[in-house]
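Have a look at the structure below, then the notes.
The values are calculated or read from the model by the stated rules, or taken from the named source; none is laboratory data. As the structure is a prediction and not an experimental result, all values here were calculated from the model. Here the Cβ positions follow ideal geometry from the backbone for every residue, glycine too, while neighbour counts run over all protein chains shown. Quick note on the areas: whole protein, heavy atoms, side chains included, nothing else; ligands and nucleic acids left out. Shrake-Rupley method; radii C 1.70, N 1.55, O 1.52, S 1.80 Å.
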Amino acid sequence: MAEIQPITIDEMYGVGDVGTTQQALDRSYVTRRVDDLLVMIDDLEIGPGDVVLDIGGREAWHCLALVQAFGCRAVSVEPVAGNNDRARAAVAEHPLGSHVSIRPGVMEDIPAADGEFDFILSHDMFFQVVDADRALAEGFRVLKQGGHLLLYQTFATDRLEHRERAGLYADLAVVAERMDPDDFEGRALSAGFSIEVVDIVGSEWREASEEDGVHLTSRQLLYAARLLRNPGMLRAELGDIDYRVELGNALWGVYQMIGKLEPRLYVLRRPEA
Ligand SMILES: C[S@@+](CC[C@H](N)C(=O)[O-])C[C@H]1O[C@@H](n2cnc3c(N)ncnc32)[C@H](O)[C@@H]1O
């Protein structure tokens, strides 16, 4: 690593116009928001008649958003029974719920026919996939030729220190290998996909949310501080697992904001034979 040249106190206190600095830091540098995900999917021309797969669909939130936005049908494949129960309840209550089906399963063994889907969404789930090669091969199998797989995933950067990495991965059931973007790209290509888009989102969606006053990362920072300062009391109150997951989730947001973690969007395509 290059040696960092320290600044002197004369440099530190002797330069810079406070007004200019304040203006630069109060300016927004955001050009896009999390909603742009739907715009990206729209650009892939998903519409009525299409069937989409949301892999790791949790409580079917994205399935319902997709059927609402594009008039398509959607299938959630999700391994956790409680998530599938909540997904079925959400779908039963929704006016377009009949367009969504819930199938228990994992990406490594997708319960679907060859070429069943026009589009696959893998949103914030690949970091928990144990067998990436099998999962990508399955994604390739169930996608129509010419279809796209859009993957939103967080990767680690060099700024994430060894001990931070170990704690975070253990607390959020992260498979360490999945956090390496080069590893992901190599496996996606080996599975037969072409990589059409690599879009480094970084902290931008979080900056946008902070500026808009929704889903605040500053709130997560406060939660992390409370959890770290009161571990005994909060572990006893929440239980050990919830304490760890809450701390992991809070740090995940903060680390994304300061570049220790790097969210990216990938658009993969199954080429025509
Ligand atoms: C952080 S949640 C994200 C849920 C949802 N996609 C979203 O963006 O809100 C990760 C989800 O992936 C699921 N998951 C974990 N491993 C999986 C696997 N091998 N195959 C399919 N889903 C998996 C988890 O059960 C969980 O619901």
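A few comments on the model shown:
- Within the chain, percent of DSSP bridges classed antiparallel, to nearest 5: 45
- On the basis of the beta-carbon distance and an R0 of 35 Å, residue 235 and residue 116 show a calculated FRET efficiency of 0.20.
- For the stretch 179-184, 3J(HN,Hα) per residue [Karplus equation, 6.51 cos²θ - 1.76 cosθ + 1.60, θ = phi - 60°, Hz, x = Gly/Pro]: 8, 9, x, 5, 4, 4
- Theoretical FRET efficiency, 1/(1+(r/R0)^6), r = Cβ-Cβ of residue 131 and residue 81, R0 22 Å, to 0.05: 0.60
- When all protein chains stay in place and ligands, DNA and RNA are ignored, the 1.4 Å accessible-area order of 31, 217, largest first, is 31, 217.
- The loop-placed GluC sites (Glu not before Pro) in the stretch 1-73, going by DSSP, that have at most 11 neighbouring Cβ atoms within 10 Å of their Cβ come out as 3, 45.
- Positive-end extreme of charge dipole, the chain - chosen from 169, 179, 190 (charges on Cβ): 169
- Under 5 Å from the amide H of residue 197 lie the amide H atoms of 267, each residue being 5 or more positions distant or on a separate chain, with H modelled from the backbone and absent for Pro and chain starts.
- Radius of gyration over Kirkwood radius for the stretch 1-62, both on Cα atoms: the Rg/Rh ratio is 1.34.
- In this structure the amide hydrogen of residue 101, modeled in the peptide plane, comes within under 5 Å of the amide hydrogens of 74, 75, 76, none closer than 5 places in sequence on its chain.
- Residue order by solvent-accessible surface for 123, 215 is 215, 123, largest first, with ligands and nucleic acids left out and a 1.4 Å probe.
- What the phi angles of the stretch 231-238 give under the Karplus curve with 6.51, -1.76 and 1.60, with θ = phi - 60°, is a coupling list of x, x, 5, 6, 5, 5, 6, 8 Hz, glycine and proline written as x.
- Divided by 2.2 N^0.38 Å, where N counts the residues, the Cα radius of gyration of the chain comes to 1.13.
- Loop-located trypsin sites (Lys or Arg not before Pro) across the stretch 111-217 with a Cβ neighbour count of 14 or fewer within 10 Å are 159, with loop assigned by DSSP.
- Net charge over other residues, Cβ less than 10 angstrom from the Cβ of residue 131 (K, R count +1; D, E count -1): -3
- Along the axis of the charge dipole computed for the chain (Cβ charges of +1 for Lys and Arg, -1 for Asp and Glu, origin at the Cα centre), the listed residues 231, 20, 2 are led at the positive end by 231.
- Förster-model FRET efficiency, 35 Å R0, residue 157 and residue 93, C-beta, rounded to 0.05: 0.30
- Applying the Karplus relation 6.51 cos²θ - 1.76 cosθ + 1.60 with θ = phi - 60° to the stretch 64-74 yields 3J(HN,Hα) values of 5, 5, 5, 5, 5, 6, 10, x, 8, 9, 9 Hz, where x marks Gly and Pro.
- Summarising the amide proton neighbourhood of residue 115: residues at separation of 5 or more, or on other chains, whose placed amide H is nearer than 5 Å comprise 142, 143.
- Rg over Rh, two decimals, the stretch 206-257 (C-alpha only, Kirkwood Rh): 1.04
- For the stretch 156-247, GluC sites (Glu not before Pro) are listed when DSSP marks them as loop and at most 16 other Cβ atoms sit within 10 Å of their Cβ; the list is 161.
- In the stretch 206-257, Cα pairs under 8 Å separated by at least six residues give a relative contact order of 47 percent.
- The dipole here belongs to the chain: it is taken about the Cα centre, uses +1 on the Cβ of Lys and Arg and -1 on the Cβ of Asp and Glu, and is about 660 debye.
- Stokes-Einstein diffusion coefficient of the stretch 48-206, Kirkwood radius over Cα pairs, 25 °C, 0.890 mPa s, in µm²/s: 149
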